[in-house]
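The values are calculated or read from the model by the stated rules, or taken from the named source; none is laboratory data. Given the structure is predicted, the values throughout are model-derived calculations rather than measurements. Glycine also receives a Cβ, built like all others from the backbone with ideal geometry; neighbour counts cover every protein chain displayed. Side chains are part of the model used for accessible areas, which takes the heavy atoms of the whole protein and leaves out ligands, DNA and RNA. Shrake-Rupley method; radii C 1.70, N 1.55, O 1.52, S 1.80 Å.
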Amino acid sequence: GDTVTVADLAQKLALKGGEVVKALFKMGVMATINQSIDHDTAVLVTEELGHKAVRASSDDAEDALLALVDNDQGEAQARPPVVTIMGHVDHGKTSLLDYIRRTKVANGEAGGITQHIGAYHVETPKGVISFLDTPGHAAFTSMRARGAKLTDVVVVVVAADDGVMPQTKEAIQHARAANAPIVVAINKIDKSSADPMRVKNELLSEQVVAEDFGGDVQMIEISAKTGQGIDDLLDAISLQAEVLELKAVSEGRAAGVVIESSLDKGRGPVATVLVQSGTLKKGDYLVCGVQYGRVRALFDETGAQPDQAGPSIPVQVLGLSGVPDAGDDFVVVEDERLAKEVAQQREVKRRESRLVASAGSRMEDIMAQL
Ligand code: GDP
Ligand code: MG
């Protein structure tokens, strides 16, 4: 019948050759990496490696999943920065995101009409930059609370005619808490009342020190209305990213985070995910929070359907069993069975922890009445 080399099988399972050899040895089959094994042996050892944990106790599928992810091999390569824009209300966050999207997102199949999918990426002369386009600080905070480290660089927008305001300070705190460097965009520079020097002075009081004040924070004067300075801002972001030496493995199974999700009447559950490592492909099986599924289609911000998405690239995913939460992680797994198993175990765990939490608060109520 059919045969397969141990090396090929290992690659299919995203495992090291040595681990398959070891598993075969345990089954009493002596084989080196370059030897071929027959079909039945291949099925047995595959089950031994990939599915063994699925039938064991409830924690093990997750362990098997993590082991699979850990086993991904490949050299880390430079990846694009992921940027969040923050700042006080009406200082021009939406205008800035819209301007960059309108002028820099490559026109796709859909005739140049960009889609709002919660994030987008642009090509600049200095490389690709991804922007998270989630509404406001709340989304950022909730994702951070869920442990998702998404943002490499925070652009703090400050209106040149208004200066540092409460939410400007909040944005600075968020960036610091996330350990993400700040680039300041001094916006509305087209206005006659613009006073960029005042903005720099006020930021100095927040220990955000401009380069021309002897500090290391790039501050770029822009207008989200006329487009003045936007290219300089993109250059500044690229420069900041270079310093960070951002890297990710782009080969192998993808893993990342959900940025936005919804239930679409026609298309079912849709989730915009940010790939953080590996490459997400059409047809992949994945676990996504407590949901699972097979990638039926990928959409980018131009409405085009790419076959795959690599590190730092946001992409909309169709084909999930349900709507995941923003901030949920996702990971590609070998087959649907494992995907379903892990998702169901997570669901059980989530329900259990909710029960424990509500039992706890009921107990508190009872205690309070005593
Ligand atoms: P957000 O609340 O931070 O998202 O701010 P918006 O992008 O909604 O902008 C608030 C207002 O400022 C809107 O009326 C914009 O048209 C205006 N605005 C934004 N950027 C500029 C700019 O660079 N110049 C001028 N003159 N107006 C701007
Ligand atoms: Mg806005």
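Observations
- Estimated FRET transfer efficiency (residue 232, residue 325; beta-carbon r; R0 35 Å; 0.05): 0.40
- Where labels lie 7 Å past Cα in the beta-carbon direction, separation of residue 149 and residue 201 in nm: 3.8 nm
- Once you divide the Cα radius of gyration of segment 143-225 by 2.2 N^0.38 Å, the number left is 1.11.
- As a calculated quantity, the FRET efficiency between residue 128 and residue 170 at R0 = 25 Å, using C-beta atoms, amounts to about 0.30.
- Each of 171, 186, 204 was placed along the dipole of segment 151-256 (beta-carbon charges, centred on the mean Cα), and the one lying farthest toward the positive end is 171.
- Available extension along the chain between residue 296 and residue 35 is 90.4 nm, counting 0.36 nm per residue and deducting the alpha carbon span.
- Enclosed volume per residue, in Å³, of the convex hull spanned by Cα atoms of segment 250-318: 79 Å³
- Around residue 336: net Lys/Arg minus Asp/Glu count, Cβ-Cβ under 12 Å: -1
- Surface share of carbon and sulfur [accessible, 1.4 angstrom probe, percent] for segment 214-359: 48 percent
- Taking 0.36 nm per residue of sequence separation and removing the Cα-Cα distance, the residue 78/residue 16 pair yields an extension gain of 19.9 nm.
- Segment 280-321 - convex hull of the alpha-carbon atoms, volume per residue in Å³: 66 Å³
- Here the simple spin-label model places points 7 Å from the Cα toward Cβ, and for residue 264 and residue 239 these points are separated by 4.0 nm.
- Ranked packing of 303-309, 241-247, most packed first, by mean Cβ within 10 Å: 303-309, 241-247
- Restricting the calculation to Cα atoms, segment 160-273 shows an Rg/Rh of 1.08 when the hydrodynamic-style radius is the Kirkwood one.
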